[in-house]
Amino acid sequence: MTIALDDPAARWRADLVANLVRQGVLTEAWAPAFAAVPRHAFVDRFAVPSPDGLTPYDLNASDERARTAALQQVYRDTTLITQIDRWGIATSSSTTPSLMATMLEALDVHDGYRVLEIGTGTGYNAALLAHRLGDEHVVSIDVDPALVVAARTALERAGYRPRLVCGDGTAGVPEHAPYDRIIATCGVDRIPAPWITQLTPDGVILANISKGIARLQRAPDGGVSGPFLGPAGFMALRHTPGDRTQLPVQDVITLTGGTPERQHTEARIRDVDFATVSFFTGLLAPGGDLVRVHAPGDGSVSYRWVHSASGSWARIDLAADTAVVAEGGPLPLWEGLGLVLADWEQAGRPGITAYGLTVDRSGLHTMWRGTPSQPVITVA
């Protein structure tokens, strides 16, 4: 990395911090860390999502205008895609700063707390944690050895030395447990048991579960429980660096286009949005792929859902007044989704923050609405 902290970067970083404060997502607890840690020290080549795809940037470009444009992008409130796998799927990024700030504020750390970060990525979030708590109180794990090496180099150049570990994040890092806080900057559909066992008695897990950010407090029975704070969709946790984390859209469409083993028609739930369906399906069947397809002719909509691990699939075609549900494979995917959507409809179509999650010591996950005393569905 050859980019040094120069005056334009400092000014743009100050502008970013001021913007986050104005948004109400950054307080004095974390503003000094965001003001001090140079985000550009943790990226060089990256891409920014746009309606037309990904726009590439290079902080080390030979053209000065290109370097300046890249540096400006770094200090905008946007996600920077830093790694794409051989299937064209993004596998690492520097998350949108406003979401990072929201999560770090919700983490509610105090001096002396030990934090485990799942998903080192570029190392920028680990640097923010280390700035706030001190190197010795931060452990970060990533499955990708190349990312860990690059993050360690960037961290050291920026003046930070948290403990970095290369390994499967679902196992946590037991040799340095217990942790007062565990923060996952990658997406999971279930809370791994080791995260719970590595928490202190009053510890908190903050994680992207399905399509929501959940803040789960250690419960008296040894499990964890808490609300969803809002929507989010991080890149999926990988168990090995070569894991494929999602199917291409066309594959999902092809796999759900066959002759169904089961089919029925029922009253349509009108205007259900993709974000809501994605949130529910991620909780109901871990590792599934969901897409929404618009027919070019009549504008009708169908949801296509594939659960590769079991070989199950569902196609929900939404006609004018009905939903035609077609399924194949051993799992009755629609059964759970239909129950959850019916409850959602009856409750007045609440947003994600109306829901919460309890994970007991045996690993059962119960999604509830309002309070834990109002369970919606329990899954293994």
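About the centre of its Cα atoms, segment 216-262 shows a dipole size close to 100 debye [charges on the beta carbon of Lys, Arg (+1) and Asp, Glu (-1) only; nearest 20 debye].
Percent of accessible area on the chain owned by carbon and sulfur, 1.4 Å probe?
Details: 8890 of 16780 Å².
Answer for the chain: carbon and sulfur cover 53 percent of the accessible area.
Across the alpha-carbon set of segment 1-117, the Rg to Rh ratio works out to 0.99, Rh being the Kirkwood radius.
Against the empirical curve 2.2 N^0.38 Å, the C-alpha radius of gyration of segment 256-367 lands at a ratio of 1.09. V293 sits among other residues whose Cβ lies under 12 Å from its own Cβ, and their net charge, with Lys and Arg +1 and Asp and Glu -1, is +2.
Taking a quarter of the surface of the Cα convex hull of segment 247-296 gives a mean projected area of 4.8 nm².
Bridge orientation summary for the chain: considering DSSP beta bridges with both residues in this region, about 75 percent are antiparallel. Accessible surface computed residue by residue for segment 300-352, with neighbouring protein chains in place and a 1.4 Å probe, gives 39 Å² per residue.
When Rg and Dmax are taken over the Cα atoms of segment 59-194, they come to 15.4, 50 Å.
Distant-in-sequence amide contacts of T122, defined by a placed amide H-H separation under 5 Å and a gap of 5 or more residues or a different chain, comprise S93. Net charge in the neighbourhood of A309 (other residues with Cβ under 12 Å of its Cβ; Lys, Arg +1, Asp, Glu -1) is -2. For segment 76-129, the residue among M100, A127, T79 whose Cα projects farthest onto the positive side of the dipole built from Cβ charges is T79. Rounded to the nearest 10 degrees, the angle from helix 7-23 to the longest Cα principal axis of the chain is 40 degrees.
Using the Cα centre of the chain as the reference point, and only Cβ charges (+1 on K/R, -1 on D/E), how large is the resulting charge dipole? Debye, rounded to the nearest 20. Kindly include the intermediate steps, with their values, before the conclusion.
Working: 31 positive and 41 negative charges, 51 e Å.
So the magnitude is around 240 debye.
Normalised by the number of residues in the chain, the average gap of Cα pairs under 8 Å and 6 or more apart makes the relative contact order 11 percent. Rounded to the nearest 20 debye, the dipole magnitude of segment 133-251 is 220 debye, with +1 charges on Lys and Arg beta carbons, -1 on Asp and Glu beta carbons, and the Cα centre as origin. Inter-part distance, segment 348-380 to segment 114-184, computed on C-alpha centroids, equals 30 Å.
Computed with every protein chain present, the accessible area of I141 is close to 10 Å² [probe 1.4 Å].
Can you give the convex hull volume per residue for the Cα atoms of segment 197-289, as a whole number of Å³?
Details: hull volume 16.7 nm³, N = 93.
Cα convex hull per residue, to the nearest whole number: 180 Å³.
Looking only at Cα atoms, what is the convex hull volume of the chain per residue, in Å³? Before the final figure, lay out each step's value.
On the way: hull volume 56.7 nm³, N = 380.
Expressed per residue, the convex hull around the Cα atoms of the chain is 149 Å³.
The local environment of R268, defined by Cβ-Cβ distances under 10 Å, has a net charge of -3 under the rule Lys, Arg +1 and Asp, Glu -1.
Farthest towards the positive end of the charge dipole of segment 7-59, among the residues P51, A29, N19, is the Cα of A29, using unit charges on the Cβ of Lys, Arg, Asp and Glu. If you wrap the Cα atoms of segment 143-198 in a convex hull and average its projected area over all directions, you get 4.3 nm².
The values are calculated or read from the model by the stated rules, or taken from the named source; none is laboratory data. Since the model is a prediction, treat every value here as computed from it, not as a measurement. Cβ: placed from backbone, ideal geometry, glycine included. Neighbour counts: every protein chain shown. Accessible surface areas use protein heavy atoms only, side chains included; no ligands, DNA or RNA. Shrake-Rupley method; radii C 1.70, N 1.55, O 1.52, S 1.80 Å.
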